[in-house]
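Data first, discussion second: the structure below is written as structure tokens.
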Amino acid sequence: MKNRPIRIPEKQSTLTGKFSRSQNEALDFQRLHAAVLLGLLALFIFRVVAQFIQLVQPVGFLPEYDRWASGALPYEMLLTLQLAIITGFACIIRYPLQVRIEPSKRWGMTLYACGLIYFFAMFFRLTFGVIFESAPQWFSYSIPAFFHLVLASFLLVIA
């Protein structure tokens, strides 16, 4: 008689209603998400640092300071908000690496909806500004619009 491994039924996922992956696969999936989020965060940090460099000690290989922001907020307020975003996103990335997270359908759908609205609004802004030269000035700031797409992508990956 052969020894067969005992198959233990896996817990059902509350998000999809299907059986969840094994714990190792789930951890690998969370690490993959964290890696993608880390890449998006690195892009956003680059944006914050590049604009600061262009303010303090401009360099020729980066776009001019004025091209990094639309001017909707004073730079001091913008920088404060950007640092808060970086801190919050760093905490979000760190958490799934330490704890197994059970997905929440309500939060997932809310973040997904917000992320999609944000993404498509900024995509429209970017596209409209590139296609129409006579568009209002806010549409012509392509660098901020691109980095808003990065932030929207962060929300979509979290969802």
Original post:
Rg (Å, one decimal) plus Dmax (Å, integer) for the alpha carbons of segment 116-159?
Top reply: 10.8, 36
**OP:** Please check which bits of segment 124-150 a label hung off residue 66 would reach, taking the label as a point 7 Å along Cα-to-C-beta and the cut-off as backbone N under 17 Å.
**Re:** 136-144
Original post:
If you project the alpha carbons of segment 32-159 onto the principal axes, what extent comes out on each, in Å, largest first?
Top reply: 46, 33, 24
Original post:
What is the packing order of peptides 33-45, 57-69, taking the mean over residues of other C-beta atoms within 10 Å and listing the highest first?
Top reply: 33-45, 57-69
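No lab work stands behind these numbers, since they all come straight from the coordinates. None of the values given here were measured: they were computed from a predicted structure. Quick reminder, even Gly has a Cβ in these numbers, built from the backbone with ideal geometry, and neighbours come from all protein chains shown.
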